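Report on one structure; see the data block that follows.
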Amino acid sequence: MKSSSAAAAVRARGPYQMSVRRWKEHITRFCVSCGLAVYAVVTLYPLIWLYLSAFKTNEEFYAHPFGLPQSWQWSNFARAWEVSGMGLSMLNSFIVTTLSLALTLLLGALAAYILARFTFRGRAFIHLLFVLGMLIPIHSTLVPLFMMMNQMGILNTYAALILPYTAFELPIAIFIVAAYLANIPKEMEEAALVDGCGYTGIFTRIMLPVSLPALATVAILGFLRFWNDFAFALVFINSPALKTLPLSLSVFATGYSTDYKLTMAALGMAALPTIVIYILFQEQVMKGMAAGAVKG
Amino acid sequence: MRAWTNKRSFITAGLTPALVLYTIFVIIPIFWSAYYGFFDWKGIGAARFIGLDNFVEALKDSVFWLSLRNNMIVVVASVFGQVPIALLLALLLKRGTWFQRFVRSAVFMPMVLSSVVIGIIWSNIYHPQTGLLNAALSAVGLEEWRRAWLSEPGIAMWMIAIPIVWNYIGPYLIMFLAALHSIPSEMDDAAHLDGATGLRKLGFITLPLIWDTLKVTIVLCISGSLKAFDLIYVMTNGGPAHATELLASYMYNSTFTVYRFGYGSAVSTLIVIISLLMVAGSQWLMKKEQR
């Protein structure tokens, strides 16, 4: 847009004004870029500080909060891993996240396929139901879910996390996959139907492979949500053996820990998987989460 | 005929698992808590019907209203923090060079972190003795500005609003960028020919064109404020003296720490009602404003 305006200026005012204008534009653009660079550093600084501090000694942590570590203390990570029992909580998080993802993808894709491709009585109502659920503030379900799962006897099990996680992720999963399917022509399915492929066959052999990009987005969003969840884990899990990562990290929160280097090292390790996923799949994460925010 | 029954059974079999799971864990809890809000129940033994007592108690509790006020602080900080910053960034990052895409990714980064991680990082930034903020103030010679950021009731809530704003600028930025990109470029050229530049162009051309997105972001700020729980739990647990209590943390603290499930249910129901009212209210206000 700027270059086209510069071109318009050439036509209107001749070459001399053009070069002045162009200089002005260059300078403005440079200043804006500098401002943006400063903003990016400021916004990333809490993270940069986290990772730098994770390599320091405690003395350095307060004596030189802004500098680089004098010597990089890699051993902090091993100590933090041991002290916080992170092996176990990482395993728990991994199990819960994987099973929730599998369930979300399967049920979500199936429901999305049916809602997107079939017309039947009650379809509009079911659609409305899923949209409605996205208006519910998630924390207002903590108390009733606690009471319900208490009566079902599934508190303090993996199921106490997997089932609610999946249920709350279903609307966004259905929304993403159904929106994707809306742009896929129906010819392939119709041909498959004529060839004697059942609906189940169409779903597994055509719909699942075709909607792979949408399923990938659902998986990435689900991974971030499940891996990071704190509130459900806090309320529904008591047993130390079942604690997920955010829950086991929260012991560092209470001020009970004054071993800052270990706190920082533990946080750094816990955040690493999500940061890696983010760096690999930036576009999907950003678009998906923005869409998820609008819908949920 | 056979095809029809086959299709019907496929639809039923395919939808039922998702629908059952969703209904049990998302829809029923809302009605469940509305129902148990009328009971006195400690988690064990029989629940005793007490009519509207829980609701009356909540509405008479000054901490409940303090929490609501704090939620409003989060809304104000979001509407006047997140939205303008995200909009400004979107205007500056519109061209999408590699550098601009990098800045955009950096701004979005906090969204992928667990709120526990964010909470602990910021608690350490605000730490009175070893915190980064006080260290920075000392470094630039503002020694007398140092304070215990999260322990002073007057400022604690605002200090917590800062990480909330920092955390959620990303998705708003993405929404604004999408909206700006959907403006046809002829519009920009026409604005230039008419001599509209800078603020005038923003006010008369850009803003009206992305008005719908702006509305959505404001509604999201309002509904999003009710979701802030983890940060509070990690950073202050509602203290000092309930100065940073939000509705969600009030609900948590008055249920699970004292085993009053009936009361907690009533508060949960109130949160649902408040949330729906605020979203409906904000949408109604903006519709009116537009006319």
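The values are calculated or read from the model by the stated rules, or taken from the named source; none is laboratory data. Computed from a predicted model, the values in this text were never measured in an experiment. Heads up, the Cβs are rebuilt from the backbone with ideal geometry, glycines too, and the neighbour counts pull from every protein chain shown. The area values use the complete protein model at the heavy-atom level, side chains included, leaving out ligands, DNA and RNA. Shrake-Rupley method; radii C 1.70, N 1.55, O 1.52, S 1.80 Å.
What the table below lists for this structure:
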quantity: Positions within segment A:244-283 being over 15 Å from B:VAL117 (Cβ atoms), surrounded by fewer than 21 Cβ atoms within 10 Å (Cβ to Cβ), in contact with a helix residue (DSSP H, G or I) (Cβ under 7 Å, 6 or more places away or on another chain) and more than 7 Å from chain B (Cβ to nearest Cβ), in sequence order; calculated: A:ASP259, A:PHE281
quantity: Boolean, A:THR217 is buried (at least 21 other Cβ atoms within 10 Å of the Cβ) and farther than 23 Å from A:LEU145 by Cβ; calculated: yes
quantity: Criterion violated by A:LEU161 - all others in (1) open to solvent by 20 Å² or more (accessible area, probe 1.4 Å); (2) assigned to a helix (DSSP H, G or I); (3) modelled with pLDDT of 90 or more; (4) more than 10 Å from chain B (Cβ to nearest Cβ) satisfied; calculated: (1)
quantity: Flag if A:SER71 is among the small types (Gly, Ala, Ser), part of a loop (DSSP other than H, G, I, E, B) and modelled with pLDDT under 95; calculated: yes
quantity: Residue match in segment B:179-188 (condition: outside any helix (DSSP H, G or I), under 30 Å from A:GLY292 (Cα atoms) and among the hydrophobic types (A, V, I, L, M, F, W, C)); calculated: yes
quantity: Residue that is surrounded by the most Cβ atoms within 10 Å (Cβ to Cβ), among those in segment B:257-275 that are at the interface with chain A (Cβ under 7 Å from one of its Cβ atoms) and under 24 Å from B:SER223 (Cβ atoms); calculated: B:GLY264
quantity: Number of positions in segment B:124-142 that are within 9 Å of another protein chain (Cβ to nearest Cβ), of a type in the set (S, T, N, Q) and open to solvent by less than 30 Å² (accessible area, probe 1.4 Å); calculated: 2
quantity: Residue in segment B:259-276 that is at pLDDT below 90, small (Gly, Ala, Ser) and on the phi > 0 side of the Ramachandran plot present; calculated: no
quantity: Single residue of B:PHE64, B:PHE49, B:PHE25, B:PHE99 found to be under 30 Å from B:GLY264 (Cα atoms) and either facing another protein chain (nearest Cβ under 9 Å) or modelled with pLDDT of 95 or more (or both); calculated: B:PHE25
quantity: Residue match in segment B:13-22 (condition: more than 7 Å from every other protein chain (Cβ to nearest Cβ) and at pLDDT 90 or above); calculated: yes
quantity: Qualifying residue in segment A:200-214 (condition: under 28 Å from B:CYS221 (Cα atoms) and more than 10 Å from every other protein chain (Cβ to nearest Cβ)); calculated: yes
quantity: Neighbours by Cβ (under 6 Å, 6+ apart or cross-chain): first from segment A:113-132, under 11 Å from A:ALA178 (Cα atoms); second crowded, with 17+ Cβ neighbours inside 10 Å; calculated: A:TYR113/A:PHE203; A:TYR113/A:MET207; A:ILE114/B:ILE11; A:ILE114/B:GLY14; A:ILE114/B:LEU15; A:LEU115/A:ALA178; A:ALA116/A:ALA178; A:ALA116/A:LEU181
quantity: Given (1) at pLDDT 90 or above; (2) open to solvent by 40 Å² or more (accessible area, probe 1.4 Å), index of the condition A:LEU193 fails; calculated: (1)
quantity: A:PHE168 being within 26 Å of B:ASN253 (Cα to Cα) and either outside the structural domain of A:LEU105 (by TED's automatic domain parsing) or crowded, with 22+ Cβ neighbours inside 10 Å (or both); calculated: yes
quantity: Filter result (touching a residue at least 60 places away in the same chain (Cβ under 8 Å), over 12 Å from B:ALA90 (Cβ atoms) and either touching a helix residue (DSSP H, G or I) at 6+ places or on another chain (Cβ under 6 Å) or polar (S, T, N, Q) (or both)) within segment B:168-217; calculated: B:TYR168, B:LYS215
quantity: Unique match (being open to solvent by less than 30 Å² (accessible area, probe 1.4 Å) and either at the interface with chain B (Cβ under 10 Å from one of its Cβ atoms) or modelled with pLDDT of 85 or more (or both)) among A:LEU105, A:LEU47, A:LEU88, A:LEU99; calculated: A:LEU47
quantity: Of all residues making up segment A:58-67, the number that are open to solvent by 40 Å² or more (accessible area, probe 1.4 Å) and touching a helix residue (DSSP H, G or I) at 6+ places or on another chain (Cβ under 8 Å); calculated: 2
quantity: Check on B:GLU186, open to solvent by 70 Å² or more (accessible area, probe 1.4 Å), more than 7 Å from chain A (Cβ to nearest Cβ), of a type in the set (D, E, K, R) and more than 18 Å from the chain's Cα centre (by Cα); calculated: yes
quantity: Residue within segment A:17-33 that is touching a helix residue (DSSP H, G or I) at 6+ places or on another chain (Cβ under 7 Å), on the phi > 0 side of the Ramachandran plot and either modelled with pLDDT under 85 or open to solvent by 80 Å² or more (accessible area, probe 1.4 Å) (or both) present; calculated: no
quantity: Filter pass, B:PHE204 being among the aromatic types (Phe, Trp, Tyr) and either more than 10 Å from chain A (Cβ to nearest Cβ) or touching a strand residue (DSSP E or B) at 6+ places or on another chain (Cβ under 6 Å) (or both); calculated: yes
quantity: Tally of residues being over 17 Å from A:SER100 (Cβ atoms) and touching a residue at least 24 places away in the same chain (Cβ under 8 Å) across segment A:135-154; calculated: 3
quantity: Any hit, segment A:145-167, residues being within 21 Å of the chain's Cα centre (by Cα) and under 24 Å from A:THR119 (Cα atoms); calculated: yes
quantity: Residues of segment B:103-123 that turn out to be under 14 Å from A:MET286 (Cβ atoms) and either facing chain A (nearest Cβ under 7 Å) or among the charged types (D, E, K, R) (or both), as a count; calculated: 9
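Conditions tested, residue by residue: (1) in the same structural domain as A:LEU106 (by TED's automatic domain parsing); (2) over 17 Å from the mean Cα position of the chain (by Cα); (3) within 21 Å of B:TYR233 (Cβ to Cβ).
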| site | (1), (2), (3) |
| --- | --- |
| A:ILE220 | yes, no, no |
| A:ARG225 | yes, no, yes |
| A:ASN228 | yes, no, yes |
| A:PHE232 | yes, no, yes |
| A:PRO240 | yes, yes, yes |
| A:LYS243 | yes, yes, yes |
| A:VAL251 | yes, yes, yes |
| A:VAL276 | yes, no, no |
